[in-house]
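Here is the structure we will look at, set down as structure tokens.
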Amino acid sequence: PVQLGRCERLGVLRVGHETGVPVHRRELLEPALTHQLAELDALAQLASMRRDHPDWAVPEIPPVRGITAEGIGHPLIPDDRRITNDIAVGPPGTVLLITGSNMSGKSTLLRSIGLNIVLAQAGGCVCARRMVLPESDLQTCIRVQDSLERGQSYFMAALSRLKGVVDAAEHEREDRVL
């Protein structure tokens, strides 16, 4: 079977009737060809997204430190239900503090920012009127879980994850990881 993440094992399944009996044969593709097909597929999806959402912005990625977005929204929420927001984070040392009552959209805003950063750095358009952001190492801390096996409470799990985010922010990296 084909395993995700193992491009060298991707193959083409051919069904033939050479002997009058259906024959199933798997022919493995060369790894280089597989990678080229995967890249072509990704680019086609980004182009389709741009075609399907002409009102979404092409992000600007200048060598600045800070993120600004006008009318940023969650790309998976339909237009008629999507709430958009303006955000500004930066320069370094500043914090975006998000508060609100239960079910007020705090997590949706954070997910909107994260998803649009991933879309922008993948080369796609973003669900916003305008977005300016640097190349960055995206770190998240949503849905932290406790663990009875490790003896870690929810509070300690949240602190540990937050420490990881802060540590990552304090050290500039050459090799970005999304």
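FYI, it's all coordinate maths here, none of it is from the lab. Values in this document were obtained by computation on a predicted structure and should not be read as measured data. No Cβ is skipped: glycine too gets one built from the backbone with ideal geometry, and neighbour counts run over all protein chains shown.
Using R0 = 30 Å, the C-beta based FRET efficiency linking Ala168 and Ala88 works out to 0.90.
Of the trypsin sites (Lys or Arg not before Pro) found in segment 79-127, those that fall in a DSSP loop while having at most 14 other beta-carbon atoms within 10 Å are Arg81. Take the Cβ-Cβ distance between Glu135 and Glu30 as r, set R0 to 25 Å, and report the resulting FRET efficiency rounded to the nearest 0.05. So the FRET efficiency works out to roughly 0.20. As a ratio to 2.2 N^0.38 Å, the alpha-carbon radius of gyration computed for segment 62-178 takes the value 1.16.
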